[in-house]
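Beneath this line is the structure, given in structure tokens, with notes to follow.
The values are calculated or read from the model by the stated rules, or taken from the named source; none is laboratory data. Fair warning: this is a prediction, and the values are worked out from it, not measured in the lab. Here the Cβ positions follow ideal geometry from the backbone for every residue, glycine too, while neighbour counts run over all protein chains shown. Only protein heavy atoms, including side chains, enter the accessible area calculation; ligands, DNA and RNA are left aside. Shrake-Rupley method; radii C 1.70, N 1.55, O 1.52, S 1.80 Å.
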Amino acid sequence: MNIEQGKPADLKQSGKENQMTISQQVAKITSQQKSIYLVIGQNEFWESKILERLQQLIPITEQTMNFASYDLEATSLGTALNDARSLPFFGNHRIVVIKNAAFLTGQAKSTASPAEISDLLKYLQQPVAETTLVIFAPYEKLDSRKKITKELKKQAEIIDFNQLSEREIRDFIKKYVKNKHYQIEPAALEELISRTQADLTMTMNELQKVFLYCYQQPNITVAVVDQVVSKSLDQNVFSLVNYLLRGETTQAISFYHELIEEGQEAIKLNAILEGQFRLLLQVAILSRQGRRQTEMATILKVHPYRVKLALKNEQQFTLQELRTAYLNLIEIECQLKSSSSNPELLFENFALQHSKKKNPQ
């Protein structure tokens, strides 16, 4: 198993700052609509908001005839383009949404034929005035070498979810909470973001429960977040890792026992622990290469918030200590799969060994 991933040779930083936030771009859809939109990356919350805004461009009575969505994993690009070229039925405007545009990436399996891509290039040069064409490319990276990608980026209004920063998420949540006439304490906001791993869709879902809980007292505290927003298994394992990183062996072992008693499978807990230490090791390697947080997230294909947390912790250990911990977890996985070893005893031995330097006898 390769624990040190190499860096892609073609990784480049654009150096460009977004002219406006994602929320501002989405708001402009109804006020300053464009003929073509390219939506890059994946974010369920903002995807739904974009679709809501698009639907507002067409009266409800006309939406059945003039709003169409095509998933290229099930429908051809040619079918979607034919619809885009058609005039609206009994209305003034048509919306055509294309999802999973894998032909814009370097994937071997394309979702469009060369002839269909050629047709799209022609459409980009002369888009139908009555049609708004929206292309969703839910990928971390597009193939910028392709002619179709270059031309689409030139002609379309680009909304890039991959450029959504933690700061923008934080600012949006604060504004959203304020607009709903609630207040959230800074520490409560941090805990909410931590428990949802800065995933905006998850955060917004959890906020609805928080609002209901605080209906009579609209002040969101850490205690409220702790009461309402449950920790995921990944988040619980992250807490377990923190105990280990701080050398709090007793707390780590006790918490591990609690998770087992709650019905969590030892092999699943070990797999997540393995992933956490692998990330710590990878971040440590990239950090020593002088890589920035955003670069690391792109290379490792993980959320930037996870990289941020890993950066806070990896400096407590040498690369060799992180390698040893990671390899020990792989060994535990092998034992869990091939023997009747007591999983709690295996973890206890791991925790004691890992904490020797933290708790010298």
(request) Six or more apart or on different chains, Cβ under 9 Å: which pairs go from a residue in region 189-203 that's touching a residue at least 24 places away in the same chain (Cβ under 8 Å) and open to solvent by 10 Å² or more (accessible area, probe 1.4 Å) to one that's in a loop (DSSP other than H, G, I, E, B) and of a type in the set (G, A, S)? Could you list them? (result) R195/S230; R195/S232; Q197/S232
(request) Only residues in region 26-52 that are closer than 13 Å to I158 by Cβ and open to solvent by less than 40 Å² (accessible area, probe 1.4 Å) count as the first member; pair them with residues that are β-branched (V, I, T) and outside any helix (DSSP H, G or I), Cβ under 6 angstrom, at least 6 apart or cross-chain, and list the lot. (result) Y37/V134; L38/I135; L38/I158; V39/I159
(request) Output the number of residues of region 221-276 satisfying the condition of being farther than 25 Å from N205 by Cβ and small (G, A, S). (result) 5
(message) Given the options F238, F277, name the one that is of a type in the set (F, W, Y) and under 29 Å from K180 (Cβ atoms).
(response) F238
(message) Checking the conditions here, which among I158, I173, I135 is of a type in the set (V, I, T) and either part of a helix (DSSP H, G or I) or in contact with a Pro (Cβ under 6 Å, 6 or more places away or on another chain) (or both)?
(response) I173
(request) Determine which member of the set Q216, Q251 is on the phi < 0 side of the Ramachandran plot, open to solvent by 10 Å² or more (accessible area, probe 1.4 Å) and either assigned to a helix (DSSP H, G or I) or of a type in the set (V, I, T) (or both). (result) Q251
(request) Can you confirm whether region 84-95 contains a residue that is free of Cβ contacts under 8 Å to residues at least 60 places away in the same chain, more than 31 Å from the chain's Cα centre (by Cα) and part of a helix (DSSP H, G or I)? (result) yes
